[in-house]
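The block underneath contains the structure these notes are about, expressed in structure tokens.
The values are calculated or read from the model by the stated rules, or taken from the named source; none is laboratory data. Values in this document were obtained by computation on a predicted structure and should not be read as measured data. Neighbour counts are summed over all protein chains in view; Cβ atoms, including those assigned to glycine, are modelled from backbone coordinates with ideal geometry.
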């Protein structure tokens, strides 16, 4: 039987997409894979770019398809297709079966009414402007809603997660952390957030601008309140190393053995090091907003909870190392910055644990080239595994 991954990324995926588009009244002209979320033995979800011909012409859309997710395939706009072995849910954005609030969040008239209820100035004429800033099918979406006088961010998550997410933002705002202030939420999975000032640290790195020192990053994490340790615990990126090795192996069998060996090494090195320190849980350059090199914001606190400070620090180091592997970036500067941060961080946490957890986060990032269907993703994946191996078997901090 064809694997779920091949079903949703191979040539047969076109038949699934054509059926969904035809049901919606269009004709599929062309398509390509945009993003892959493959969880071996559990589920596979794929986002696509698709050119669709409608009565008024051809438009580019985002489509989604999933096998193994428990979402409501009977939701409006979702087509359920079965081949006797599996059932695939296929949809046209924004009709995501696990994000029921997404359709409302992408409807200008409904968003205008929502903003009016929240006291946000409405446009004098014309609809609210909506801009999709992020979309991970079946998991989350972020939409920027703007009017001539104001803007907000609409974060869409699964309904079971929205109350907790609102509580996290409230907790951290009240503690004085520079996180987006929650303005309201719905039990369908919509959280409305106030905007912050500044550009992301990622943008600053692209421009060659100043970024915070390692000590400033440590100071930011020191501001996390003790109450964060009372939130639900989330497994750290580095503690998921075996899972990410299996994802790499499924996508690139030639590297399956090495990925598994690296994951085993990470697991052995961090065994017995779980902790109860307040952590962000997913700290990297896109989550930190800056103005003139100083921190003005901290984003995506969904993952805040008890954990190891070393994992937060390793996450940032690993992301910088990964940026150094991307085409068009200043590899030398980014690699040196990663080492500079790591050497300072190693004065605050155990250096061996920091290196092992950095390797673990790098292994999770090794799934990225295939996930976003990067050109030459096979070679890019191998280069990322090389970085994992360096941090795991050598001592870059010397």
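Quick rundown of the values:
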{"item": "Selection within the range 213-237 - assigned to a loop (DSSP other than H, G, I, E, B) and touching a strand residue (DSSP E or B) at 6+ places or on another chain (Cβ under 7 Å)", "result": "224, 225, 231, 232, 233, 234, 236"}
{"item": "Restricting the range 251-280 to residues that are in a loop (DSSP other than H, G, I, E, B) and in contact with a strand residue (DSSP E or B) (Cβ under 8 Å, 6 or more places away or on another chain), the residue that is farthest from residue 363 (Cα to Cα)", "result": "276"}
{"item": "Whichever residue in the range 368-385 is touching a strand residue (DSSP E or B) at 6+ places or on another chain (Cβ under 8 Å) and assigned to a helix (DSSP H, G or I) and, among such residues, is surrounded by the fewest Cβ atoms within 10 Å (Cβ to Cβ)", "result": "371"}
{"item": "Options 349, 388: the member that is in contact with a helix residue (DSSP H, G or I) (Cβ under 8 Å, 6 or more places away or on another chain) and outside any helix (DSSP H, G or I)", "result": "349"}
{"item": "Wholly within the range 1-113, helices (runs of 4 or more DSSP H) carrying at least 3 residues that are within 24 Å of the chain's Cα centre (by Cα)", "result": "4-9, 102-105"}
{"item": "Every pair of residues 6+ apart whose Cβ atoms lie under 9 Å, when the first sits in the range 316-338 and is outside the structural domain of residue 368 (by TED's automatic domain parsing) while the second is part of a helix (DSSP H, G or I) and surrounded by fewer than 20 Cβ atoms within 10 Å (Cβ to Cβ)", "result": "none"}
{"item": "Residue list for the range 176-187, filter: over 19 Å from residue 223 (Cβ atoms) and either at pLDDT 95 or above or buried (at least 16 other Cβ atoms within 10 Å of the Cβ) (or both)", "result": "183, 185, 186"}
{"item": "Failed item in (1) surrounded by fewer than 21 Cβ atoms within 10 Å (Cβ to Cβ); (2) modelled with pLDDT of 90 or more, with residue 117 passing the rest", "result": "(2)"}
{"item": "Test: residue in the range 186-209 that is touching a residue at least 40 places away in the same chain (Cβ under 8 Å), more than 29 Å from residue 105 (Cβ to Cβ) and not in a helix (DSSP H, G or I)", "result": "yes"}
{"item": "Matching residues, the range 120-152, being at pLDDT 85 or above and surrounded by fewer than 20 Cβ atoms within 10 Å (Cβ to Cβ)", "result": "129, 130, 131, 132, 133, 134, 136, 139, 144, 146, 151"}
{"item": "Number of positions in the range 140-185 that are under 16 Å from residue 301 (Cα atoms), out of contact with any helix residue (DSSP H, G or I) (no Cβ under 7 Å at 6 or more places or on another chain) and assigned to a loop (DSSP other than H, G, I, E, B)", "result": "5"}
{"item": "Among (1) on the phi > 0 side of the Ramachandran plot; (2) in contact with a helix residue (DSSP H, G or I) (Cβ under 6 Å, 6 or more places away or on another chain) - the single one residue 272 does not satisfy", "result": "(2)"}
{"item": "Residue 267 being buried (at least 16 other Cβ atoms within 10 Å of the Cβ), closer than 28 Å to residue 139 by Cα and in contact (Cβ under 8 Å) with a residue 24 or more places away in the chain", "result": "yes"}
{"item": "Residues being more than 22 Å from residue 244 (Cβ to Cβ) and in contact (Cβ under 8 Å) with a residue 60 or more places away in the chain - total across the range 351-373", "result": "0"}
